[in-house]
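J.: Provided herewith is a single structure, encoded as structure tokens, for subsequent inquiry.
The values are calculated or read from the model by the stated rules, or taken from the named source; none is laboratory data. From a predicted model like this one, the values you see are computed outputs, not experimental measurements. Cβ placement follows ideal geometry from the backbone for every residue including glycine, while neighbour counts extend to all protein chains displayed.
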Amino acid sequence: MENRWTLKRTKADIHKMSEVLGIRQATACVLANRGIKTKKQAVAFLRAESASLYDVLGEKPMKDAQKAIELLENAVKQKQKIAVYGDYDVDGVTSTAIWYKVLSYCEADVIYYIPHRQKEGYGLNLEAVEELHNKGIQLLLTCDNGIAAIEEIKKAKEFDMTVVVIDHHEAAFDEYGNDILPEADAVVDPKQRQCQYPFKMLCAGGLCYKLALLFLKRQQMSNEALEMECLHLATLATVCDIVDLMEENRIIVKKGLKTMAQTTNVGLKTLLEQTNLYGKELTEYHIGFIVGPCVNAAGRLETAKTAVALFCENDAEKAKQYALYLIEQNNSRKDMTQKATEQVIKEIEQKNKQNEKVFVIYQQNVHESIAGIVAGRIKEKFYRPTILITKSENMAKGSGRSIEGYNMFEELYACKELFSKFGGHSMAAGLSLPYENIEELQKRLQNNCKLTQQQLLPVLKIEKQLNFEEIDMILAEELRNLAPFGKGNHIPLFGSKDIKIVKYFFVGKEKNIIKMILEEQKTAIQFNAISFDGYDKFLEMIKRLYGQQNYDKMLLNGYIEQNIDFVYSVDINTFRGENSIQLQIKDFRISQQ
């Protein structure tokens, strides 16, 4: 699939920004493209490890935060029975663990409850509320859910429970654009329209971390080790929930990654040990692609209670058993995901659906717990908003993943009468609906879709066009300091035109990784480069340039005569203790003469 290259534009004075901050112009350009306009913002971004989080109760307070803390304080003081009601993904698991550990430390009478994905579904349910009431629960604290639990919280209030909601999902809204909120005693969610809090993009783990620290401070029970453990759990949640890694999220992750490898949380330490990460310098990659999937796997295939138990366990041997179980579950999940993805791709291609603007696919053989992952894989391959619907116990269930320019939550909200339940945000959603409504959902989403053909091409956003003389180790180190990378702060990509490939060769087990030596014609400056996923496109380019008859000869020669345009990131390669610059190629095309 071809990519659409776009050069980001900024009105900022890059030259002045570079001088004032003492950084390369390319680095200043990246900051400006992130919406950073002032020296104060830039310094906060560059020195996130020492930056401060916003005051929850400051000039622009988080709505209901004080009320929530006071209700929890009162419940602890009066020895009320408290239930922390979480969710089965990483964000819900870590949020639950944060509050369970903090409340237990404060000697509260507390339990936690994680719904079963297949049997109960997402969020509060009436049966669980009744079960908790029968157990004598007096305060119900929801984490990573609750904003949409109108009927369930109404039932909890009928049982005379105090209800505190901590959530980060979008609230439903009426025809006038007003939030439709549950009748809880406190609703903490920065996305509420009436919330003045300046940063709206915290995940539930980040919210719980901030509120838990405030709670400990007000209880005069601050504990540095416990607070650091909460930071590490919030870091895990923030990376894995794919929220914007800017402002407070960036601060949390930057600080958390720096110390997580030496965490004192017995469960997290054990999981890092069993994945060969303990003691290493951790990055967002390790969290998002190694640790996070293990935590998620339990809630997908069995019960996420095991993951919460891991993070709350103080016995090393028990923690090891939990960690090994999670790893085993993740291995099973990976195998299921691979087979399901291949199955769905085959269906799309056989039914010639590639050109549909929105994919709504019913595949009853896909396990509902991996529907979201598979939807994400399909979205990446075809670059279409994708909703994968599977067979469940009582009705169809689905998960959706979106692309830029398509607000999935709003599009689904326009069809809300088709669903038994749904929720989410612009880039992802979950839903339940009767089987007979699947076809109607597909028709409506197709007919209502306003995406243009241009929007249906994957976008590579280029920060700046670079000359090779602008690239050096100082720039590479400055760019590395902009990590952690992720949503809202993607790895900076740059472009260079009219570059000669003076040498290329294929490496790796499958010989499908391309190593190159690139040379800028006007300066004769050379850099090593590598492409991990451009093999097929590279071979097609050679065929297009030289024809099938010269194809084998050109492969043997290992160079290309025509100039090529490249999009790449500037990386540091370490080999035998020596650092060197390496350009990681993201895309390429034949230069226009």
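J.: Which condition number does residue 518 fail, the rest of (1) under 21 Å from residue 586 (Cβ atoms); (2) without any contact (Cβ under 8 Å) to a residue 60 or more places away in the chain being met?
T.: In the conditions (1) under 21 Å from residue 586 (Cβ atoms); (2) without any contact (Cβ under 8 Å) to a residue 60 or more places away in the chain, residue 518 misses (2) alone.
J.: Looking only at segment 365-377, decide whether some residue is among the charged types (D, E, K, R) and at pLDDT 95 or above.
T.: Yes, segment 365-377 has at least one match.
J.: Oh, and also: In segment 169-188, which residue that is without any contact (Cβ under 8 Å) to a residue 60 or more places away in the chain and buried (at least 17 other Cβ atoms within 10 Å of the Cβ) is nearest to the chain's Cα centre (by Cα)?
T.: Across segment 169-188, the extreme among qualifying residues is 171.
J.: Is it the case that residue 160 is more than 28 Å from residue 291 (Cβ to Cβ), modelled with pLDDT under 95 and either assigned by TED's automatic domain parsing to the domain that holds residue 232 or not hydrophobic (A, V, I, L, M, F, W, C) (or both)?
T.: no
J.: Run down 482, 493, 460, 466 and say which single residue is under 20 Å from the mean Cα position of the chain (by Cα), in contact (Cβ under 8 Å) with a residue 24 or more places away in the chain and closer than 17 Å to residue 23 by Cβ.
T.: 482
J.: Those residues that are touching a residue at least 12 places away in the same chain (Cβ under 8 Å) and surrounded by fewer than 17 Cβ atoms within 10 Å (Cβ to Cβ), I need them from segment 384-394; list them, please.
T.: Once the filter is applied, which keeps residues that are touching a residue at least 12 places away in the same chain (Cβ under 8 Å) and surrounded by fewer than 17 Cβ atoms within 10 Å (Cβ to Cβ), segment 384-394 yields 391, 393.
J.: Right, something else. Going residue by residue through segment 442-455, is there one that turns out to be under 30 Å from residue 168 (Cβ atoms), free of Cβ contacts under 8 Å to residues at least 12 places away in the same chain and loosely packed, with under 13 Cβ neighbours inside 10 Å?
T.: yes
J.: Select, from 31, 71, the only residue that is under 23 Å from the mean Cα position of the chain (by Cα) and on the phi < 0 side of the Ramachandran plot.
T.: Unique residue meeting the criteria: 31.
J.: On to the next question. Can you say whether residue 82 is touching a helix residue (DSSP H, G or I) at 6+ places or on another chain (Cβ under 7 Å), surrounded by fewer than 23 Cβ atoms within 10 Å (Cβ to Cβ) and β-branched (Val, Ile, Thr), as far as the supplied structure shows?
T.: no
For every residue, the table says whether it meets (1) modelled with pLDDT of 95 or more; (2) out of contact with any Gly (no Cβ under 8 Å at 6 or more places or on another chain); (3) surrounded by fewer than 18 Cβ atoms within 10 Å (Cβ to Cβ).
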{"site": "199", "(1), (2), (3)": "yes, yes, yes"}
{"site": "210", "(1), (2), (3)": "yes, yes, no"}
{"site": "222", "(1), (2), (3)": "no, yes, yes"}
{"site": "225", "(1), (2), (3)": "yes, yes, yes"}
{"site": "238", "(1), (2), (3)": "yes, no, no"}
{"site": "251", "(1), (2), (3)": "yes, yes, no"}
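J.: Here are some conditions: (1) touching a helix residue (DSSP H, G or I) at 6+ places or on another chain (Cβ under 7 Å); (2) of a type in the set (Val, Ile, Thr); (3) surrounded by fewer than 24 Cβ atoms within 10 Å (Cβ to Cβ). Residue 163 meets all but one. Which one does it not meet?
T.: (3)
J.: Find the helices (runs of 4 or more DSSP H) located wholly in segment 2-71 whose residues include 1 or more that are polar (S, T, N, Q) and in contact (Cβ under 8 Å) with a residue 60 or more places away in the chain, and list them.
T.: Those helices (runs of 4 or more DSSP H) span 25-33.
J.: Here's another thing I want to ask about it. Could you look through segment 403-419, keep only residues that are surrounded by fewer than 17 Cβ atoms within 10 Å (Cβ to Cβ) and touching a Ser or Thr at 6+ places or on another chain (Cβ under 9 Å), and pick out the one that is farthest from residue 459 (Cα to Cα)?
T.: 410
J.: OK, next. If you go through segment 114-130 one residue at a time, do you hit one that is buried (at least 17 other Cβ atoms within 10 Å of the Cβ) and in a helix (DSSP H, G or I)?
T.: Yes.
For every residue, the table says whether it meets (1) touching a Ser or Thr at 6+ places or on another chain (Cβ under 9 Å); (2) at positive phi; (3) not assigned by TED's automatic domain parsing to the domain that holds residue 471.
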residue: 15; (1), (2), (3): no, no, yes
residue: 21; (1), (2), (3): yes, no, yes
residue: 51; (1), (2), (3): no, no, yes
residue: 55; (1), (2), (3): no, no, yes
residue: 79; (1), (2), (3): no, yes, yes
residue: 93; (1), (2), (3): no, no, yes
residue: 100; (1), (2), (3): no, no, yes
residue: 103; (1), (2), (3): no, no, yes
residue: 110; (1), (2), (3): yes, no, yes
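J.: Does residue 153 satisfy being β-branched (Val, Ile, Thr) and in contact with a His (Cβ under 7 Å, 6 or more places away or on another chain)?
T.: The answer is no for residue 153.
Yes or no, residue by residue, for (1) aromatic (Phe, Trp, Tyr); (2) within 25 Å of residue 117 (Cβ to Cβ); (3) modelled with pLDDT under 95; (4) surrounded by 17 or more Cβ atoms within 10 Å (Cβ to Cβ):
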site	(1), (2), (3), (4)
273	no, no, no, no
280	no, no, yes, no
292	no, yes, no, yes
296	no, yes, yes, yes
301	no, yes, yes, yes
307	no, yes, no, yes
317	no, no, no, no
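J.: Determine which member of the set 430, 400 is buried (at least 19 other Cβ atoms within 10 Å of the Cβ), in contact (Cβ under 8 Å) with a residue 60 or more places away in the chain and closer than 27 Å to residue 243 by Cα.
T.: One residue alone meets the criteria, 430.
J.: Sticking with this one: Could you tell me which of the residues 530, 517 is crowded, with 16+ Cβ neighbours inside 10 Å and either farther than 30 Å from residue 246 by Cβ or more than 30 Å from the chain's Cα centre (by Cα) (or both)?
T.: 517
J.: Which residues, taken from segment 488-510, are small (Gly, Ala, Ser) and under 30 Å from residue 241 (Cβ atoms)?
T.: Within segment 488-510, just 488 meets the criteria.
J.: Let me ask something additional. Which of (1) of a type outside the set (Phe, Trp, Tyr); (2) exposed (fewer than 15 other Cβ atoms within 10 Å of the Cβ); (3) part of a strand (DSSP E or B) is the odd one out, the single condition residue 423 does not satisfy?
T.: So residue 423 meets the others, but not (2).
J.: Now for a separate question. Quickly run through segment 86-107 and pick out the residues that are over 26 Å from the mean Cα position of the chain (by Cα) and buried (at least 21 other Cβ atoms within 10 Å of the Cβ).
T.: Passing the criteria: only 103.
J.: Of the residues 213, 207, 257, 226, which single one is over 21 Å from the mean Cα position of the chain (by Cα) and touching a residue at least 24 places away in the same chain (Cβ under 8 Å)?
T.: After applying the criteria, what remains is 226.
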